[in-house]
Amino acid sequence: MPDELRRKPGERMWPPKASAEPHSVRAYAFAILSVALATLLAFALFGRSELADIVMVYLLAIVVVATRAGFRASVVCGALSVLAFNFFFTQPYYTFGVSDLRHVVTFAVMLLVGVVVATLTQRVRDQVEVAHRSERRTQLLYAMSRELARTEGMTRLVRVGTHHLEEVFGARVALLAPGSADELRIDYATEGFTAPVESESNVVHWVLGHRRPAGIGTETLASSQGFYVPLVSSGAEADVMGVVGIYPRTTSTFDDPEQQLLADAFATQLATAIERARLAEETERARIQIEAEQLRNTLLSSVSHDLRTPLAVMRGAASTLVDDDGELEASVRRELASALFEETERMDRQIKNLLDMTRLESGAVRIQREWQSLQEVVGAAWSRVEPRLGGREVTIRVPADLDASFDAVLIEQVIVNLLENAAKYTPEGSPIEVTAEADEADVTVVVSDRGPGIPVEEQERIFDKFYRGSSERTRTGVGLGLTICRAIVAAHGGTIRVRTRPDGGASFAFTLPRQLGPVAGGELPEILETS
């Protein structure tokens, strides 16, 4: 809550402090003093010769009193002005007698003008007061709405909303909700306050059933200890989610209908926020359930196809070798053994990706950052993947003096995945390039190929878990290699992206910060969860 709206100890924020009491002794004293000063000023300026000007001086005094002291004091000022004018300025002097009947009209006009001026002035004062109260109410509601909008979580929303009610009304607050067997439970209560649930259960149940406020200050169960407002949802089937009980320190707090309306407005905002939080929780649960179902289906698909296919090849090759009675030629046996070896490696890579994904999501992998040469890591990655590149030309341009702080094992795995991805989805024999450059803050590694490229609409989704682009759906794999790359790079505090090259092919680039020391405690983020 803004500082200007905060309640001082012992001060109630609503309603705003009223202006000076219009019929107080001080106001009447001010009216008498104004008449006396007007009389002296009239004598000093006009004597007794200019009666019209003297009347204007008295009317000026009436206007001043009306603006400063209120309606009743200004009426008293008007009456005293008539008497003073008659006593000091009309013949016979220093008496209240009237020798000229024309003066009676003057007296009547003075009194009438004084009453009209007082009435109009009081109306303006009332309008100003109403505007001030309205502005104050709007500020209070806006402050609560703004804080609720940036608060997440059911518990925090309830605490924020009830805290505003406590601040505004200087009262203790409890949030009551229907439980099992018509029992009431307390979801929130002001610290150190025990809500009178048992003794007030009848009024709470009445509010739940009728969806209207009740309690002190109302015509319904006015002998209650608190003012109770329902929390009604705004959906098509409006439901009462609970009741807010406000227990003021003085029983007259809610005698003012404006305070009841303000409490109802606060309750409406709180109900809307609670409903929003519930919908968000339901949406999140539905999203998790959908993702879990998609994960299950994808894993079943991977097991049934991407893992079953190499197993079938391996089984066939092994069966042929086992049943061989020496009739197979040596070249055929070598071909079968080679197929068995390749399919074994292929299945091993797929299972390794699944295990890597599981380890990353469970947080079992921690980054061990050290200052080391990037050229050595790129070379080690190329050595690992070279047998699977099919004799492609691989150009590596990494400066020998390019050093950075990273986990060598994990970054090597990133480069291996990118090289395998380039070899898998590009024409045989097409070249692959690996380049790296650095500035004072970051180091960037780029793996480029001469394949079909990545469509713009897929360039963000290509890193999602189990996502396979349109050009990849005829290839084997479970779609985890690039997801693992993104998780590892993000854990280092870097970014990874893909672009289609102007002259054909795709370019995967990841950037790492060069600074020493682990990022965010060295733990891998839950980036796979938001894929």
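For the stretch 107-117, take each phi angle, set θ = phi - 60°, evaluate the Karplus expression 6.51 cos²θ - 1.76 cosθ + 1.60, and give the result in whole Hz per residue in order, putting x for glycine and proline.
Each residue's phi maps through the Karplus curve to give 4, 5, 5, 4, 5, 5, 4, x, 5, 5, 4 Hz.
Using alpha carbons only, how many angstrom separate the centre of the stretch 158-178 from the centre of the stretch 442-459?
The stretch 158-178 and the stretch 442-459 have Cα centres spaced 55 Å from each other.
Separation between the ALA44 and GLU370 pseudo-spin-labels, each 7 Å from Cα along Cα→Cβ, expressed in nm?
Label at ALA44, label at GLU370, 9.6 nm between them.
Tell me, what % of the accessible area of the stretch 392-445 is carbon and sulfur with a 1.4 angstrom probe?
C and S atoms contribute 46 percent here.
Where does the charge balance sit around LEU184 when Lys and Arg score +1, Asp and Glu -1, over other residues with C-beta under 12 Å from its C-beta?
Net of charged neighbours comes to -4.
Report, in debye and to the nearest 20, how large the dipole of the stretch 96-217 comes out about its Cα centre when Lys and Arg carry +1 and Asp and Glu carry -1 on their Cβ.
That gives the stretch 96-217 a dipole magnitude of about 500 debye.
Take ALA149 and GLU291, extend 7 Å from each Cα along the Cα→Cβ direction, and tell me the distance between the two endpoints in nm.
2.7
So if each residue of separation counts as 0.36 nm, and I subtract the Cα-Cα distance between ARG102 and GLU345, what length gain in nm does that give?
Length difference between fully extended and current span is 75.3 nm.
How big is the accessible area of CYS77 in square angstrom, nearest 10, if you roll a 1.4 angstrom probe over the protein chains?
0
Nearest 0.05, what FRET efficiency do GLN127 and GLU440 give at R0 = 60 Å with Cβ-Cβ as r?
Between GLN127 and GLU440 the formula returns 0.40.
The values are calculated or read from the model by the stated rules, or taken from the named source; none is laboratory data. As the structure is a prediction and not an experimental result, all values here were calculated from the model. Cβ sites come from the backbone with ideal geometry, for glycine too, and all protein chains shown count toward neighbours. With ligands, DNA and RNA removed, areas are computed over all heavy atoms of the protein, side chains included. Shrake-Rupley method; radii C 1.70, N 1.55, O 1.52, S 1.80 Å.
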